[in-house]
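Some notes on the structure that comes next.
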Amino acid sequence: MILHLSDLHFGTEKPACMAAIRLFCQQHPLEAVVVSGDLTQRARYKQFYDCKQFVESLNLPYLVVPGNHDIPLYHVWNRIFSPFTRYKIFFGHMETVLETKHFYLIGVNSIRRRYHTRGHISLEQIQKIDQRLMMAPRHKIKLIVAHQPFYTPPDNPHGIKDCPMLGRMALESWSQSGLNGLLHGHLHQSAVYDLNQIYHLGADHSVLDIHAGTAISYRLHRGLPNSLNLIYSNGDVEHYYFNNQQKEFVLKEENAD
């Protein structure tokens, strides 16, 4: 199984949630940890350093991708000419592949200077990821990790403005190459949608859009608790919410305010 975290927003982190995630990792037989962007609040060196220390402390293989908060906001020169310098110092390449016993994970950088909030997928990325999916072991669950979701529910105030440009084109291609799902953050709200049904992709299997809430940040969505996702080797997804009384992440059905 895989632990899916997102929107850590270091600089606004809660120590209690961090401790609870470390405990969660000790209690579950995890194959890897995935963090789908917004590692920091303002892309500062210390925030990246603290995030790196935290992820390393989980003692598991991990894959991370940048989010729109991981490029400078106020340093205009750096934002234009070297937006990912600080990210690369701590986490290296932005599009890595992680293969575990049951999963084949592909990181995708959807952040652009011009489309930093909405995101963008390029034609080159579509083709490159298509090739990776076709080369992946058939028996493994193939998941793409990107910050922005490829679907937003009707009640989302921003609508498609929170979905990356060329995302639909990418889905039509990747779904035919064996993609099983995508892991996202950005909206700070956990959910799962079947894109094969929503977009009529014509695949012979489900293509899940798996949204994660914010795992450790004070920046919560509409009062929802901090949360994380657990993804099983059969493709099932469970949402865990942070319980303030127990100081642990518990299954959504068990969570009590």
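The values are calculated or read from the model by the stated rules, or taken from the named source; none is laboratory data. Keep in mind it's a predicted model, so treat the numbers as computed, not measured. All Cβ positions, even for glycine, are placed from backbone atoms using ideal geometry, and neighbour counts span all protein chains on display.
Of note:
- Flag set for residue 121, criterion: crowded, with 20+ Cβ neighbours inside 10 Å and either closer than 30 Å to residue 10 by Cβ or more than 15 Å from the chain's Cα centre (by Cα) (or both).
- Inter-residue pairs, beta-carbon under 7 Å, first closer than 14 Å to residue 240 by Cβ and in the stretch 24-44, second at pLDDT 95 or above and of a type outside the set (A, V, I, L, M), 6+ apart: 24/249; 33/62
- Scope the stretch 72-103; condition among the aliphatic types (A, V, I, L, M), modelled with pLDDT of 95 or more and either over 15 Å from the mean Cα position of the chain (by Cα) or crowded, with 19+ Cβ neighbours inside 10 Å (or both); matching residues: 89, 98
- Tally, over the stretch 126-157, of residues that are buried (at least 20 other Cβ atoms within 10 Å of the Cβ), of a type outside the set (Gly, Ala, Ser) and either closer than 30 Å to residue 41 by Cβ or out of contact with any Gly (no Cβ under 9 Å at 6 or more places or on another chain) (or both): 10
- Top-ranked residue of the stretch 129-143 - restricted to ones that are under 21 Å from the mean Cα position of the chain (by Cα) and in a helix (DSSP H, G or I), ranked as nearest to residue 237 (Cα to Cα): 133
- Single match in 162, 130 (criterion: over 25 Å from residue 39 (Cβ atoms) and of a type in the set (Asp, Glu)): 130
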